[in-house]
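Participant: Let me give you the structure first, and then I'll get to my questions.
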Amino acid sequence: MDVFSTTNIVIVGLIFLSVLVLQAFLSMRRLRLLGLILPFTCFAFSMYVIVHFNQLIGNHGFEGYEVWGWYGLQLFVGNIPTFILLLIFFLFKRKPDIADDDMEEDLVEQSRSDLAKTQIRHKPQPNRSNQKKTNTKRYNTKK
């Protein structure tokens, strides 16, 4: 079976497109953190690959600063999907709508009016704990 067969390329392309559509959908949600789930997952996976892959194969004979250059290259290339997902997040990020603010104000006004109607319908009983208590005990007063 050939790795670059037409079927494999179509399947990988569909998976890639579905991830992009999912990222756009999550970025448009009201809760903004949902749009950061996929970029964080890609970043964590790239860190995992960098750490464990380099332990597996060694440092390729690099010494000193060359090792840090190799790590930097792996970090950049490994995070290209993260950059793409973050770009989609910022492009499709949901902006607060004026209609949402109006809806929230309407809900607040409606809840206040409902509360006022409830208080009118059910008149509160007078609070008897704050009334003056009469002293029923008689004290002997000496003069």
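Participant: Could you rank the peptides 23-30, 11-18, 87-94 by their average count of other C-beta atoms within 10 Å per residue, with the highest value first?
Facilitator: Going from most to least packed, we get 23-30, 87-94, 11-18.
Participant: For the modelled label position 7 Å from the Cα of Tyr71 along Cα-to-Cβ, which residues of region 16-54 have backbone nitrogen atoms closer than 16 Å?
Facilitator: 46-54
Since every read-out is calculated from the coordinates, none of them should be taken as a lab result. Worth saying up front: this structure is predicted, and the values here are computed from it rather than measured. Every residue, glycine among them, receives a Cβ derived from its backbone with ideal geometry; neighbour counts consider all protein chains shown.
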